[in-house]
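Here the structure is laid out as structure tokens; the discussion comes afterwards.
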Amino acid sequence: MNLTKIYEKAPAKINLLLDVLRKREDGFHEVEMIMTMVDLADRLEMEELPRDQIVLSSQVGFIPLDEKNLAFQAARLIKERYGVKRGVYIHLDKQIPVAAGLAGGSSDAAATLRGLNRLWNLDLSTDELEVLGAELGSDVPFCIRGGTALARGRGEKLESISPPPQCWVILAKPPINVSTADVYGKFRVNDLKEHPSIPNMLDALSRQSFPDMCASLGNVLESVTLNRYPEVRQIKDCMIKAGADGVLMSGSGPTVFGLVSKEIKVARVYNGLRGFCKEVYVVRMLT
Ligand code: ATP
């Protein structure tokens, strides 16, 4: 039998800015985030199955491959919602570090929705896929849209904005597991002395000013993660010392990213991390 096979890329996201405005009655936090994609991606291969079943595989052994996997949940959701009685085999080639604050699982879910929309000729618009994605997680709509966006609400209300100026992004993930729910649970909005400025960041991006973008980076969740995990602070300090132009923790952590405009500085920051952190990636912004 000749079964169709398709491929999708699922890039990682970083937060150039993450602010929390308040805790809502439904338990979620009202956030304002500026998110963008970087050139580090999982690769998904999707192939029709002759039976009505969702089957997942991956080259890494430490992620769930059942209904706990966000790609599985995405396939099940689109099948149920549109009455698709066909099966799919999905292979996840994981390149994005897991539980890192880089939205790897959300991006896999987004890529699955995009891919199955094509594989099963459902003809859904990006807007329709974003609405579907919001049922799976707050970061999934952004991962469907891609580019650079200002996110509000739980993170699902999106407005596309100017991309960042091109630069090098050095990602360093310490070998610790940080639970997003745990970080938000410990976060106290009233303890914040100041909030990062969305207008300053939007202005820096619209003028494509690399120095002003670096000066406007901010993530209020650092107040929790940096205090709880000294190794995250150590990586931040190390990148600053090595001359990175801007340094910030992504999402709830523990990954820290350093921004560098000149290639000559990349090696210095990379080498400066030796001994502190084994898992380091040098990538470009996806603009
Ligand atoms: P976020 O920034 O959205 O909180 P993250 O990058 O911190 O996400 P993920 O890599 O998405 O975290 O993984 C979080 C947890 O989700 C992992 O512990 C893992 O067991 C589970 N998980 C479910 N689906 C996936 C997937 N497709 N890839 C990786 N982890 C997944």
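Of all residues in region 44-67, those being in a loop (DSSP other than H, G, I, E, B), surrounded by 18 or more Cβ atoms within 10 Å (Cβ to Cβ) and small (Gly, Ala, Ser) number 0. If you go through region 1-43 and keep only what is among the polar types (S, T, N, Q) and either touching a Gly at 6+ places or on another chain (Cβ under 9 Å) or surrounded by 15 or more Cβ atoms within 10 Å (Cβ to Cβ) (or both), you end up with ASN15, THR36. Looking at region 111-122, is at least one residue surrounded by 19 or more Cβ atoms within 10 Å (Cβ to Cβ) and part of a loop (DSSP other than H, G, I, E, B)? No, there is no match, as no residue in region 111-122 is surrounded by 19 or more Cβ atoms within 10 Å (Cβ to Cβ) and part of a loop (DSSP other than H, G, I, E, B).
Criterion applied to PRO97, PRO163 was being under 23 Å from LEU217 (Cβ atoms), more than 14 Å from the ligand (Cβ to nearest atom) and under 16 Å from the mean Cα position of the chain (by Cα), and the one residue passing it is PRO163. A count restricted to region 201-214 and to residues that are in contact with a strand residue (DSSP E or B) (Cβ under 9 Å, 6 or more places away or on another chain) and loosely packed, with under 15 Cβ neighbours inside 10 Å stands at 1.
Within this structure, LEU21 passes the test of being touching a strand residue (DSSP E or B) at 6+ places or on another chain (Cβ under 8 Å), away from the ligand (no atom under 16 Å from the Cβ) and aliphatic (A, V, I, L, M).
Taken as a whole, region 148-156 holds no residue that is part of a helix (DSSP H, G or I) and surrounded by 15 or more Cβ atoms within 10 Å (Cβ to Cβ).
Evaluation of PRO164 against the conditions (1) crowded, with 21+ Cβ neighbours inside 10 Å; (2) more than 13 Å from LEU16 (Cβ to Cβ) shows that the sole unmet condition is (2). Once region 92-110 is narrowed to residues that are among the hydrophobic types (A, V, I, L, M, F, W, C) and outside any helix (DSSP H, G or I), the residue that is surrounded by the most Cβ atoms within 10 Å (Cβ to Cβ) is ALA103. The set of residues in region 219-273 that are within 16 Å of the ligand (Cβ to nearest atom), in contact with a helix residue (DSSP H, G or I) (Cβ under 6 Å, 6 or more places away or on another chain) and part of a loop (DSSP other than H, G, I, E, B) comprises LEU221, SER252, GLY253, PRO254.
Whenever a residue of region 250-271 is free of Cβ contacts under 8 Å to residues at least 24 places away in the same chain and at positive phi, it has no partner that is buried (at least 24 other Cβ atoms within 10 Å of the Cβ) and of a type in the set (Val, Ile, Thr) lying with C-beta atoms less than 7 angstrom away and at least six residues away or across chains.
The rows are residues; the columns are (1) within 14 Å of the ligand (Cβ to nearest atom); (2) without any contact (Cβ under 8 Å) to a residue 60 or more places away in the chain; (3) assigned by TED's automatic domain parsing to the domain that holds PHE142; (4) farther than 30 Å from ASN190 by Cα.
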| site | (1), (2), (3), (4) |
| --- | --- |
| MET35 | yes, no, yes, no |
| VAL38 | yes, no, yes, yes |
| LEU49 | no, yes, yes, yes |
| ILE54 | yes, yes, yes, yes |
| PHE62 | yes, yes, yes, yes |
| PHE72 | yes, yes, yes, yes |
| ALA75 | yes, yes, yes, yes |
| LYS79 | no, yes, yes, yes |
| GLY83 | no, yes, yes, yes |
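On the stretch given as region 198-212, residues that are over 9 Å from PRO165 (Cβ atoms) and of a type in the set (Gly, Ala, Ser) total 1. Can you tell me which residue in region 73-90 is nearest to LYS278 (Cα to Cα), limited to those that are of a type outside the set (A, V, I, L, M), over 18 Å from the mean Cα position of the chain (by Cα) and crowded, with 16+ Cβ neighbours inside 10 Å? Once the filter is applied, the top-ranked residue is TYR89. Quick one: is ASP42 more than 30 Å from LYS157 (Cβ to Cβ), touching a Leu at 6+ places or on another chain (Cβ under 8 Å) and either aromatic (Phe, Trp, Tyr) or within 11 Å of the ligand (Cβ to nearest atom) (or both)? In short, no. Annotation: of all residues in region 102-129 being within 15 Å of the ligand (Cβ to nearest atom) and out of contact with any strand residue (DSSP E or B) (no Cβ under 7 Å at 6 or more places or on another chain), the one that is nearest to LYS79 (Cα to Cα) is LEU113.
The values are calculated or read from the model by the stated rules, or taken from the named source; none is laboratory data. None of these values were measured; they are calculated from a predicted model. Cβ: placed from backbone, ideal geometry, glycine included. Neighbour counts: every protein chain shown.
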